[in-house]
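To start, the structure under review is shown below, and the notes come after it.
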Amino acid sequence: MRGIATHKSCPHGAELHLEVTDEEITEQLVQGEGLPLFVARPEIARSLARGVAERLDSVAIRNAGHHIYPHAAEVSSELRQSLAGHKACALWMTGLSGSGKSTIAHRLERDLLLAGHRVFVLDGDTLRHGLNHDLGFSEADRRENLRRAAEVVKVMVEAGLIVIASFISPFRAERQMVREILGASFREVYVEASLATCEERDPKGLYKRARAGQIPQFTGISSPYEPPESPDVRLDTTAYSVDECARQMRDYLANGGVLRSARAIIVWLARSGHRRATVSESSKHHRA
């Protein structure tokens, strides 16, 4: 098991084979990703990575004044996920301001964390206070804001986390850019609520200010929102509570094979010294 062989020389059945193409290996090396141990030993993978880097566009690199050589890691994303006991993915939550994205994201984060998952919420407002504090709200800056966010999410997914990214991301073209950056880990979650509902909620008073002309280019008022045409998950927050939306997300992840098995959760709780996970909940249903 976990050896290198041809179809003819391998004694195991096809159901145990894991094929890796030359193109996939090259792409991993170019991106600086570690090769699985059954493909090459770490020291060989590093040598291969250096060789691939030297064959990149060296003229462009010299002209730019940079000498960038991705370093092949010894720990792969697959190994991190195996140790965590669950798969990594990016849940990209899009919707109007006030639709309930952040509320659902943090509720889902809590539920998954208490069940032993490595999970983190990346919120658009939080990112704009730090990494993206230099960006405004022009079309170019908004696109760059999402590009940077997607690159951060990509690193976190490679670290083995379930990342819940909460961004209005109003345009389909920008979400397609994010999808291309994140690849197969990307899951589009449309948090749906009508503009009238979001204006009625208006938890931050942003719609009132936008209607008064105090916030230019505000999504839904003076700038359009393009809803996803075929999202992976659709959460209707006008019909379902926060808890119900979080449950729908857990069901989606469980059915997709992302989450820990029930047995793995019990083992994790026992090792963590928890007899059970309890959370105080209000009996009142809150809307997202």
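The values are calculated or read from the model by the stated rules, or taken from the named source; none is laboratory data. If you're wondering where the values come from, they're calculated on a predicted model, not measured in any experiment. Cβ placement follows ideal geometry from the backbone for every residue including glycine, while neighbour counts extend to all protein chains displayed. Heavy atoms of the whole protein, side chains included, go into the accessibility calculation; ligands, DNA and RNA do not. Shrake-Rupley method; radii C 1.70, N 1.55, O 1.52, S 1.80 Å.
Listing for the model above:
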{"quantity": "In Hz, Karplus ³J(HN,Hα) per residue of region 176-183 (6.51, -1.76, 1.60; θ = phi - 60°; x = Gly, Pro)", "calculated": "5, 4, 4, 4, 5, 5, 8, x"}
{"quantity": "Packing-based order for 249-259, 114-124, using average beta carbon neighbours within 10 Å, highest first", "calculated": "114-124, 249-259"}
{"quantity": "Nonlocal amide H pairs with G220, under 5 Å, H built at 1.01 Å", "calculated": "Y225"}
{"quantity": "Long-range amide H partners of D236 with built H, under 5 Å", "calculated": "E192"}
{"quantity": "Cross-link table K87/K154; K8/K87; K101/K204, entries beyond 24 Å C-alpha to C-alpha", "calculated": "K8/K87"}
{"quantity": "Heavy-atom accessible area order for F171, F137, largest first, 1.4 Å probe", "calculated": "F137, F171"}
{"quantity": "Partners for K208 among aspartates and glutamates (Cα-Cα distance below 14 Å; same-chain residues under 8 apart left out)", "calculated": "E199, E200"}
{"quantity": "Percent of alpha-carbon pairs separated by more than 24 Å within region 146-239", "calculated": "31"}
{"quantity": "Amide H contacts under 5 Å for V119, placed H, 5+ residues apart", "calculated": "I162"}
